[in-house]
Each structure stands twice: as structure tokens, then as C-alpha cells.
Amino acid sequence: MNTSTTAPASPPVSAPAGRLPARERLLAAANELFYAEGVHTVGIDRVIEHAGVAKATLYATFGSKDELVRAYLEGRHAVIKAQLARELPLRYTTARERLAGILEIRGETVSQPGFRGCAFVAASAEAGEGTAALQATTEYRAWFRGLLRDLAAEAGAADPDGLARQLHLLYDGMAATTWLDHDPAAVADTVAAARTLVDAAILG
């Protein structure tokens, strides 16, 4: 089953920025600038200017740039979680189908023109130990791996952890290849490879 609209690469903003509360304006500005240019290159003053708020408002709301980065990444995590929760039951009947289906659904997003690589990888690339970027990335990746592991166990895989790890590696490669090589065919190839892995891991 494969009929659905493609989810946006970035969390949507439902109203003009000037009409949103200050927190939402800051998050919308952070999402746009951090994703397009990088967490480490965009200074806090640019986010403040883009959001149209006072510096004191940012610090009163988030406390620091580090915590704004956390909120930005948690927002992207929430979008991915909602996308999969919505699309998987609509498009795939069994846990076995959903294992490769996760990569198929996410592949539709990573092949969009606005995709600039994994936001979590980019944000954590130069982050120091204990930073919000690394913490949020670790939490996101643990959730994603856990979703794959739970589906693998439900589908009857002999080694759910091993299958989840293999599929997660495929997903990481798909996202990087699609972006760096500008190769949308990487999605179809990855989904085919995922189905082969699932068939080998779940007999019958």
C-alpha cells in the first residue's frame, strides 16, 4: 500500500510569524535558520531579529541558545513521530510491512527539494559532550531504533535488535546519499534493500 501525501521537511507554521506568540515565533525562526544554515553558524541575534522579539524574551523563554536548540530538535522529532504514527497504520497492514514502510515514508521526505540532510546529524556534528544537541539527538535516535525494534519483535524476527540496527543503518545511508549525491533513486533502492533484510530475518 503506498498512497499518501508527502509530509513537509520542516515543521509547518500555521499563521504569519507576527501573529504567533513569542515562543512559537522563536521556534519558527530557529527551525528555518538552524536547518538552512546550521546551528553552529547562526548566532542568537539572527534568530531574535528573524523572530521579531527582544533578546530578553528569548532568555526568559528558553534560558540559553542551547535550550533553544533542544526545543528546535524536539520539534523536528515530534513532526517525524506524528508523521509515522499517522501514515504507518493508513498505508501498511502488518508489522512486517511497516518495517520497510518506515523507510518508504521517511524517504518521501528526504527526497524533497528542501531537504538539507538530517537535522540531528548537523546539529550534533560539532556539539560538545552534554550539550542539548547531543542529548536531543540521542533521544531521537533511541526512539527511532526502538520503533524499529518493537515492529521487528511484533513481526516475529528472531533478532529484533539486530534487524532494527540494520534498518537504522539503511535509513542513515538513505538520508545522506539522497542529500549529498542528489540521488532520489536512493530511496527506492533503500526500501528494496530493507524488504530483503526483513524477508531474510522473518521467515514465513
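Hey, could you pull the Cα Rg and Dmax for the stretch 92-204, both in Å?
Calculated on Cα positions, Rg and Dmax stand at 14.6, 46 Å.
What does the stretch 21-74 give for Rg and for Dmax, in Å, if only its C-alpha atoms count?
Reported Rg and Dmax, both Å: 9.5, 25.
When Arg76, Arg86, Arg195 are ordered from fewest to most other Cβ atoms inside 10 Å of their Cβ, what list results?
So the residues, fewest neighbours to most, are Arg86, Arg195, Arg76.
Which angle between 0 and 90 degrees, to the nearest 10, do you get for helix 132-155 versus the longest principal axis of the chain when only C-alpha atoms count?
Result, in degrees: 20.
Just so you know, all these numbers are worked out from the coordinates, no wet-lab data involved. As the structure is a computational prediction, the values presented were derived from the model and not from experiment. Cβ: placed from backbone, ideal geometry, glycine included. Neighbour counts: every protein chain shown.
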